[in-house]
Amino acid sequence: MRALFRPLYIGLIALRYGLDGLILDSLRRPGFTLMRRIISVGRKLDAPRGQRLREALERLGPIFVKFGQMLSTRRDLIPADVADELARLQDRVPPFPGEESVKLIEKALGKPISAVFKQFDVQPVASASIAQVHFGTLHDGREVAVKVLRPGMLAVIDDDLALMHTLAGWVQRLWADGKRLKPREVVAEFNKYLHDELDLVREAANAAQLRRNMQGLDLVMVPEMIWDFCTPTVMVMERMKGVPISQMARLREAGVDIKKLARDGVTIFFTQVFRDGFFHADMHPGNIQVSLDPTTFGRYIALDFGIIGTLTEVDKDYLAQNFVAFFHRDYKRVAELHIESGWVPAATRVDELESAVRTVCEPYFDRPLKEISLGQVLLRLFQISRRFNVEIQPQLVLLQKTLLNVEGLGRDLDPDLDLWATAKPFLERWMHEQVGWRGLVQRLKREAPRYAKLLPELPRLVHLNLERGDSALRHELHAILAEQRRTNRILSAVVWVGFGFALGLLVARLLLRLHDLGAW
């Protein structure tokens, strides 16, 4: 029944907030304008369009809020007034009552709130689509942030995902490109990551791993988890003090080098993706702050680790080679990589794919970020992918989403940032470390414990293997010889039977001949 009523509810919300009018407004034709006026009769839609869209997404739940969060970073794709309003979804989703948070915390930890915290702020400091955050102080004096999962989230998310899965099935069956785009696989990936986000212990583990990975970089800080007070619905972590990255004026007044901040953001992203294969995949401005503390001045502060992307070594190598080929404008190599990876049919002509990729990418090189729209590039690449039957890779959907977030963030920080020039040296160095002598040494170091265990046992293992090999070989030879002897006996019998039969015929003819001559 929920699967039936949810689409109806979405339709009612769209009508309630006039979202149908927003769609028709974008279609600049007289017939659609008349239709919009007709369906608006009797409805009061005085609020600005951005506000109406934001409120509708808040009413529809966490999946739609996350969609609005992503849209808020794409000011090159949506009007500024809509982007400004959607930006409020990043950390100002309406909270649930603080008293309810206290009950949820006490239930999850099995203790009264006073037994855990010396001081606890009932009023939340931030509220997002999945959870909200309160500040507090432990009895040992440590200042902490307490994240509490919103109640009743699982049922709402399951309803929306069921609807998305149904729509994906329709797309796959009815749309010509449906099978190639793999909508069901994409929804399955989204399902996995969204359910992971509902487990705060998993999020705490993600944060701990990211904290270890980033320790030597000195560009980003990740809060320490207080494991004694982490459960699937409550997470307690070190309190981080910083300024939201969206407050650009305040950062400039404090003396933060904004251009360096933009370059550092690119470095952090590519380090997480290509060095670690473990990256923060929800990098909207609501999850990023900048430290003004003198000891860590100008460093990023990462928050909210519910969605983490991972890449295999094969994925990293393929993507890095593609990026390096792009930076060198080696479009032939890009085409070859697509064919080698199996993303396009093996019969595809390299020169045709090379020419198509060159046509899309060449106009965007040597331009500052403010003149580059990655959304437009991806749209044109999508058109090319349709022509060459490129298969969408669901495991890279999160990376594509994060890349769009990074582009939107970089555009806000430094519109003159040259994304290509900033990323190229990093990727070339990474490739050198992977395929050069340094990469060989690193791999030998990683394998050293295994080698240290195997080397003393190697002579015994070789001897046993040879013994087993000799025994097996002898057994095989005996079986072959026995089979050959059996075959030889059969052949000999056949030959002697044939010889006896021929000799009998010869004797019989000789006797008949003598009889005819009258010898008998």
Item to complete: Calculate the length of the line joining the C-alpha centroid of segment 202-250 to that of segment 252-306, in whole Å.
Response: 12
Fill in: Gain in span if fully extended, THR310 to GLU352, counting 0.36 nm per residue against the direct Cα distance
11.9 nm
Fill in: Rounded FRET efficiency, nearest 0.05, which uses the C-beta distance separating LYS192 from ASP293 and R0 of 30 Å
0.25
Worksheet item: Thinking of segment 115-253 as a set of Cα atoms, what percent of all their pairs are more than 19 Å apart?
Response: 65
Response to the item:
Per the 1/(1 + (r/R0)^6) rule, R0 = 25 Å and r from the Cβ atoms of ALA421 and SER341, FRET efficiency to 0.05 is 0.40
Discussion item. Ordering LYS192, LYS147 by accessible area with a probe of 1.4 Å, largest first, what comes out?
Written reply: LYS192, LYS147
Practice prompt. For every other residue with a beta carbon closer than 12 angstrom to the beta carbon of ARG263, add +1 if it is Lys or Arg and -1 if Asp or Glu, then tell me the sum.
Written response: -3
Response to the item:
Note: ASP330 to TYR9 extended length (0.36 nm per residue) minus current alpha-carbon separation gives 110.5 nm
Worksheet entry | Potential lengthening between MET248 and LEU167 on full extension [0.36 nm per residue; Cα-Cα distance subtracted] | 25.2 nm
Discussion item. Among the listed pairs LYS118/LYS401; LYS147/LYS401; LYS332/LYS424, which have their C-alpha atoms separated by more than 30 angstrom in this model?
Written reply: LYS118/LYS401
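The values are calculated or read from the model by the stated rules, or taken from the named source; none is laboratory data. Note that this is a predicted model, so its numbers are computed, not measured. Note that we place each Cβ from the backbone using ideal geometry, even for glycine, and neighbour counts take in every protein chain shown. Keep in mind that these areas ignore ligands, DNA and RNA; they rest on the heavy atoms of the full protein, side chains included. Shrake-Rupley method; radii C 1.70, N 1.55, O 1.52, S 1.80 Å.
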